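Structure first, commentary second.
Bear in mind these aren't lab numbers, they're just calculated from the coordinates by the rules spelled out. Just so it is clear, the structure is predicted and the values come from calculations on it, not from any experiment. Methodologically, a virtual Cβ is constructed for each residue, glycine included, from the backbone with ideal geometry; neighbour enumeration extends over all protein chains shown.
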Amino acid sequence: MMQTIQVRVVKQLAAIQTNITAVHGKPITLACATTKELMPLSYCRFEPPNGQPFSINSEVTRTNPILGRYFFPSNKSLDRGDCAVTIRKVKYDDVGAWTCAAGLDDGQEHIDLIQLDVEGLYAMSTASATGITFGAIGIIALLAALGFFAWKQRRVLGAMRREAEEVRGHELEQIPAASPSSQSTPQPARSLPRVEIESPSEPSASPLLTQPES
């Protein structure tokens, strides 16, 4: 039976663990070290996947952490070639590739990567996706029910309107037409007496117009 052996080629600075799984809300330590025995480091810094890089040393303790979260573990030392950081409480934002960098005696910066994962992150993502899916299905079902209710209501209102029109038509048909006898007989036009005024061709003699004889 053949046995597979994984060989990791490292440079002058290497991560102690390249893949780390942490528990949300719990502390975790990320560390890298020089491959030369007890080679002191001139500095140590880390670059989070979501955040600004920061330098760290033994003066950054648990009581005065950087950004209230990062401190140098007490069992590590730059003089022994250790570059490490402890995250006080792991968050989901910490997931990703962390860059561990340190300066050696050659005057150059050497780096390595550490992949940090958090337990329950993918399960939470799956649950969130499932919740979103069921929520979308519920919304679609609600919209379909509202559409069916509106369609049903339009049908009922249309049937009621047609029924009302039919009843009104029957009522109009049952109204009797007016009989000829009930109609008013036109009355003959009333003749007015004709008055004629005749003017005399000559004015009649009037005693007032008679001239006295001289």
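Here are some notes:
- Counting 0.36 nm for each residue step from Glu165 to Ser77 and taking away their Cα separation leaves a gain of 22.1 nm.
- Ranked by how many other beta carbons lie within 10 Å on average, peptides 57-68, 144-155 from highest: 57-68, 144-155
- Taken over the alpha carbons of the stretch 13-119 as equal point scatterers, the Debye sum produces base-10 log I(q)/I(0) values at 0.15 Å⁻¹ of -0.55.
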